[in-house]
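Take a look at the structure below.
The values are calculated or read from the model by the stated rules, or taken from the named source; none is laboratory data. Everything numeric here is computed off the predicted structure, so don't read it as measured data. Backbone-built Cβ (ideal geometry, glycine too); neighbour counts: all protein chains shown. Calculation scope for accessible area: heavy atoms of the full protein, side chains included, ligands and nucleic acids excluded. Shrake-Rupley method; radii C 1.70, N 1.55, O 1.52, S 1.80 Å.
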Amino acid sequence: MMTSLFSIFEPSSSIFSLSINWLSTFVGLLFVPYLYWAAPSRWALVWSKIMQLLHNEFQAILGQATKGSTILFISLFSFIMFNNTLGLLPYVFTSSSHLAMTLALALPLWLTFILFGWINHTQHMLAHMVPQGTPGLLMPFMVLVETLSNIIRPGTLAVRLAANMIAGHLLLTLLGNMGPSLSLTLVSFLMLAQILLLMLESAVAMIQSYVFAVLSTLYASEVN
């Protein structure tokens, strides 16, 4: 049962199908020229408004000294949200449910921020290891705690995103497998439950992409 349940997250074993599955991660890039060259529509205006709100929020976190750097985190939000929502479609490979994908996003960002901070703002990074007002006896312990919390950051970012995507897909799969064994009346309730769960998963897909981008922005702001 566990093997068949988690098999929905396994890409095809053939080389060609495996390549197509992972290349589908970048299908969203095909829609970027359309947003800029097509005539303005309602959805384009809504998306533009969302991007402006994200820019204002990320700019407030990073500060005015880093003006223009929000494009990285807005692109990260857009990329993750597209892959999360794309995975809700039937028979579509969900790349954001794999740690290989989420770690590939989180680890380079974290490593870049850490190296930039220690090379350019060494004193600030050292001061950040011991919070203000910490008693002298607790300072060595706080250094260990802060070091550990910094090291596990890419792992928590990657696991949070992948776990939330996996949990929703497993629930949808479990509900779908119950259909053949239920009566016609119960099937109608099951379909209603699946629709509600799908709406919830759509919200989770957007929220998790927002959380990933905001936390990455917060980590970047700590090294400035």
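Data table
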read-out: Sulfur and carbon atoms: percent of accessible area, the stretch 41-223 [1.4 Å]; value: 75
read-out: The stretch 41-223, accessible area per residue, ligands and nucleic acids excluded (1.4 Å, Å²); value: 58
read-out: Cα gyration tensor shape of the stretch 118-159, rounded if a/c is under 1.5, else prolate or oblate by comparing a/b with b/c; value: oblate
read-out: Förster radius 25 Å - calculated FRET efficiency between Q132 and I61 (Cβ-Cβ, nearest 0.05); value: 0.75
read-out: Per-residue HN-Hα couplings for the stretch 122-136 [Karplus 6.51, -1.76, 1.60; θ = phi - 60°; Hz; x = Gly/Pro]; value: 4, 5, 5, 5, 5, 5, 5, 6, 10, x, 5, x, 6, x, x
read-out: Dipole moment magnitude, nearest 20 debye, the stretch 41-223 about Cα centre, only Lys, Arg, Asp, Glu C-beta charged; value: 260
read-out: J(HN,Hα) series, the stretch 108-119, from Karplus relation 6.51 cos²θ - 1.76 cosθ + 1.60, nearest Hz, glycine and proline x; value: x, 4, 4, 5, 5, 5, 5, 5, 4, x, 6, 7
